[in-house]
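All remarks here apply to the structure that follows.
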Amino acid sequence: MIGRLVGKLVTDDVDGTIVLDVSGVGYELTVPLGAVGRARGGKAGPELSLFVHTHMREDRLELFGFASDLERRVFRLLLGLPSVGPKLALAVLSALPPSELADAVSRNDVRRLNKISGVGKKTAERLVLELKEKLPRLGAGLAEGPRVVVDATDDEGRLRGALVNMGYKPAEAETAVTRLKDRIGSEPISDLLRAALAELSS
């Protein structure tokens, strides 16, 4: 079982699939949105260190990469919940990093969870119920670094804050948000974040 990989980033697709070259071997991993930026910690350069979850399926082996061990532990916690698979767990962590997820759960913010792509109202309610006691045990309520505090009801502010938290400059985040003005408020924040990252990488 692979637990951690350190190598050079070869490709980084908008859908969350990356290829990491480790001593000449290319490993394909799926990562939450922003994981590459968080793993780099704002530093430039091709080398990347990711914590890895190896997911066994009947027909294939999948690798999921995370910027921190905490992110990986929260991912595994989500996978242990009823009806939550890797795709939904990644969607949750793409929209809400561990500290923000813990904040939403502690405040019973079903509305915020419901905005995540693939999370209906019943699933959001179940996440709150299941995670309320489990997340604090992982230390997921602790901030992993400086974050921008925004109003949870303000999608524009959340999008801008998420981009800054990923390591983008405020001016870059503002540019991406401005380009997506017509879509903000009518699409899930995870989709908007994916579109903003595409704008910034173009």
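The values are calculated or read from the model by the stated rules, or taken from the named source; none is laboratory data. Remember, it's a predicted structure, so these values are computed and weren't measured experimentally. As a convention, Cβ positions derive from the backbone with ideal geometry for all residues, glycine included, and neighbour counts pool all protein chains shown.
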Flagged in the stretch 61-72 as more than 11 Å from the chain's Cα centre (by Cα) and either of a type in the set (Val, Ile, Thr) or part of a helix (DSSP H, G or I) (or both), in numbering order, are ASP69, LEU70
Hey, could you check the stretch 97-131 for residues that are of a type outside the set (Ser, Thr, Tyr) and touching a residue at least 60 places away in the same chain (Cβ under 8 Å) and say which is farthest from ALA39 (Cα to Cα)?
LYS115
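Let's see how each residue does on (1) modelled with pLDDT of 75 or more; (2) surrounded by fewer than 18 Cβ atoms within 10 Å (Cβ to Cβ):
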{"residue": "VAL105", "(1), (2)": "yes, no"}
{"residue": "LYS115", "(1), (2)": "yes, no"}
{"residue": "ARG137", "(1), (2)": "yes, yes"}
{"residue": "VAL150", "(1), (2)": "no, no"}
{"residue": "ASP154", "(1), (2)": "no, yes"}
Report, by residue number, each residue of the stretch 175-197 that is farther than 17 Å from ASN114 by Cα and either of a type in the set (A, V, I, L, M, F, W, C) or in contact with a Cys (Cβ under 7 Å, 6 or more places away or on another chain) (or both).
ALA176, VAL177, LEU180, ALA195, ALA196, LEU197
Taking only the stretch 1-46 into account, find how many residues are at pLDDT 85 or above and over 22 Å from LEU93 (Cα atoms).
9
When residues of the stretch 156-191 are filtered for being small (Gly, Ala, Ser), surrounded by 14 or more Cβ atoms within 10 Å (Cβ to Cβ) and over 15 Å from GLY37 (Cα atoms), how many remain?
3
Would you call PHE75 touching a Phe, Trp or Tyr at 6+ places or on another chain (Cβ under 9 Å), assigned by TED's automatic domain parsing to the domain that holds LYS121 and either modelled with pLDDT of 90 or more or not in a helix (DSSP H, G or I) (or both)?
yes
Please enumerate the residues belonging to the stretch 88-103 that are of a type in the set (Gly, Ala, Ser) and either surrounded by fewer than 24 Cβ atoms within 10 Å (Cβ to Cβ) or assigned to a loop (DSSP other than H, G, I, E, B) (or both).
ALA89, ALA91, SER94, SER99, ALA102
Here is a list: ARG4, ARG40, ARG57. Which entry is basic (Lys, Arg) and more than 18 Å from the chain's Cα centre (by Cα)?
ARG57
